[in-house]
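To start, the structure under review is shown below, and the notes come after it.
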Amino acid sequence: MTIIQFTNVNKYYGDFHVLKDINLTIQSGEVVVILGPSGSGKSTLLRCINRLEDISSGELIVDGFKVHDKNTNINLLRQEIGMVFQHFYLYPHKTVLENITLAPIKVRKMNPEEARKGAMELLTKVGIPEKANAYPSQLSGGQQQRVAIARGLAMKPKIMLFDEPTSALDPEMIGEVLDVMRTLAKEGMTMVCVTHEMGFAREVADRIIFMDEGRILEVGTPEEFFNNPKEERTKLFLSRILHH
Amino acid sequence: MDFSFLEVHKEDFIDGFLTTLSVSLVALVLSLIIGTIIAIFRISPLAILRAIGTAYVEFFRNTPLVIQVFFFYFGLASIHINLSKFFVGSLGLAIYTGSFMAEAIRAGIQAVPKGQMEAARSSGLSYVQAMWHVILPQAFKLIIPPLGNQFINLVKNSSVLAIIAGTDLLYAADVAIANYDVTSVYVLVALLYLVITIPLSIGVNYLEKRWAKKG
């Protein structure tokens, strides 16, 4: 079942053409990894899905919602999409537990006790139930990002978006975050990930999308993409990142 | 120093002190509400709200408080809207101080990383919910020192009430100096203002330290 569909999507920042004629269909349960050099529009593409960025033209339908339509109640769609950011953006004035339960209590009107129970289960899942009452500043980067993933999952979303989730982490902490993402992928979560983790992309992705200068240049399985890239630009990219 | 005036005017000073304290408290709460609303107007994506916010700040910040209070008291009375001195004092102070608070609060909101709003909105919170639960609590922690200055200015500015015979502290002094030693009277008044403002300073410092620790 199609859950995300970009049709002829373009986006401009002023005169700058960030996304060029994007056509992309993502199925429910699919894990899609977006690769590409910096400035290629990967993050922008991702951020269009929950309308953190508006598209300039074309159609974007996510979980049945017309994201391109100004009249769409975007808050309803956003309840179905969890998002994890490069810099975590946990709420520093709230405890780990409060970070996770805020949206379920305020948006879903969940009973607070029930929300806390759900949050504890998620914290167990990401491996840090003992940090429930800590503040974000007391956690390592890897722990903060795992809390951020738990926060994203707390609304029981249909889609999870990851915007370079390991790029701000110490190398030692990348593994623990990728492990959580791997588990999610196995459970059948629909995931769209912008990342530079080639190992993760190769192992977990159902499809890889390669972008350059605002265009999708190549789409394929990890097998095809890494072993037999078609485009010259893709070959260059891979040679640079795999043999440095 | 000759505090013999207290034998006659003790009640006036107690009343004056309580009036100053209560006008200040009411105005403080009101000015925080006004300041927050105007600050949000100032950064609104809607041009009309931004214009209203800017007009408010520029007008009330750049005209003397005395004139604003005269307007609310005498100006409105001339068109048969008679407001109590207490009401005029609190409202005038709140409207005036609110313009300064709005600027401090706006700076605070803008100092919160943009990603905080994005994280909150992407979880499905509305703009107002995100402001209330995520952005404003962080903004206020950042601006405790300038906000504290405004609180203290507000208490001192409440002396403007005396010019419309508002029975505040300064008015009690104005009454007492008719027959007694001027210096002693004003020393007492100054001390009584300090009784309000010093604990306020200490409270603000305490909050600043406590919140700095929690991060």
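The residues of region A:91-103 that are assigned to a loop (DSSP other than H, G, I, E, B) and either buried (at least 23 other Cβ atoms within 10 Å of the Cβ) or facing chain B (nearest Cβ under 8 Å) (or both), listed by number, are A:TYR91, A:PRO92, A:HIS93. In the condition set (1) within 12 Å of another protein chain (Cβ to nearest Cβ); (2) farther than 22 Å from A:ARG78 by Cα; (3) among the hydrophobic types (A, V, I, L, M, F, W, C), A:ILE128 is compliant with all but (1). Checked across region B:122-142, the condition of being under 24 Å from the mean Cα position of the chain (by Cα) and over 30 Å from A:ALA154 (Cα atoms) holds for no residue.
Of the residues making up region A:104-127, those that are free of Cβ contacts under 8 Å to residues at least 24 places away in the same chain and among the β-branched types (Val, Ile, Thr) are A:ILE105, A:THR124. Looking only at residues in region B:110-121 that are buried (at least 18 other Cβ atoms within 10 Å of the Cβ) and in contact with a helix residue (DSSP H, G or I) (Cβ under 7 Å, 6 or more places away or on another chain), the one that is farthest from A:PRO157 (Cα to Cα) is B:VAL112. Given the criteria surrounded by fewer than 22 Cβ atoms within 10 Å (Cβ to Cβ), at the interface with another protein chain (Cβ under 8 Å from one of its Cβ atoms) and in contact (Cβ under 8 Å) with a residue 12 or more places away in the chain, does A:PRO37 qualify? Against the criterion (surrounded by fewer than 22 Cβ atoms within 10 Å (Cβ to Cβ), at the interface with another protein chain (Cβ under 8 Å from one of its Cβ atoms) and in contact (Cβ under 8 Å) with a residue 12 or more places away in the chain), A:PRO37 does not qualify.
Exactly one residue among A:LEU19, A:LEU24 is in contact (Cβ under 8 Å) with a residue 60 or more places away in the chain, buried (at least 22 other Cβ atoms within 10 Å of the Cβ) and assigned to a strand (DSSP E or B), and that residue is A:LEU19. Within region A:2-24, the set of residues being within 10 Å of A:LEU60 (Cα to Cα) and either touching a Ser or Thr at 6+ places or on another chain (Cβ under 8 Å) or at pLDDT below 95 (or both) comprises A:ILE4, A:GLN5, A:PHE6, A:ASN8, A:VAL9, A:ASN23.
Residue by residue, here is whether (1) on the phi > 0 side of the Ramachandran plot; (2) surrounded by fewer than 19 Cβ atoms within 10 Å (Cβ to Cβ); (3) part of a helix (DSSP H, G or I) holds:
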{"site": "A:ARG108", "(1), (2), (3)": "no, yes, no"}
{"site": "A:GLY127", "(1), (2), (3)": "yes, yes, no"}
{"site": "A:GLU130", "(1), (2), (3)": "no, yes, yes"}
{"site": "A:VAL147", "(1), (2), (3)": "no, no, yes"}
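Residue count for region A:68-89, restricted to those that are part of a loop (DSSP other than H, G, I, E, B) and either facing another protein chain (nearest Cβ under 8 Å) or over 22 Å from B:ALA139 (Cβ atoms) (or both): 12.
Tallying residues that are more than 30 Å from A:TYR12 (Cα to Cα) and assigned to a helix (DSSP H, G or I) within region A:184-221 yields 8.
Would you check if B:GLY75 is on the phi < 0 side of the Ramachandran plot, of a type in the set (Gly, Ala, Ser), in contact (Cβ under 8 Å) with a residue 40 or more places away in the chain and assigned to a helix (DSSP H, G or I)? No; evaluated as a whole, the condition is false for this residue.
Candidates B:ALA162, B:ALA178: the one that is part of a loop (DSSP other than H, G, I, E, B) and more than 12 Å from B:LEU21 (Cα to Cα) is B:ALA178. Does region B:50-67 contain any residue that is within 30 Å of B:LEU188 (Cβ to Cβ) and in contact with a Leu (Cβ under 9 Å, 6 or more places away or on another chain)? Yes; the residues of region B:50-67 include at least one that is within 30 Å of B:LEU188 (Cβ to Cβ) and in contact with a Leu (Cβ under 9 Å, 6 or more places away or on another chain).
The values are calculated or read from the model by the stated rules, or taken from the named source; none is laboratory data. Nothing here was measured: the structure is a model prediction, and the numbers come from that model. So basically every Cβ, Gly included, is an ideal-geometry build from the backbone, and we count neighbours across all protein chains shown.
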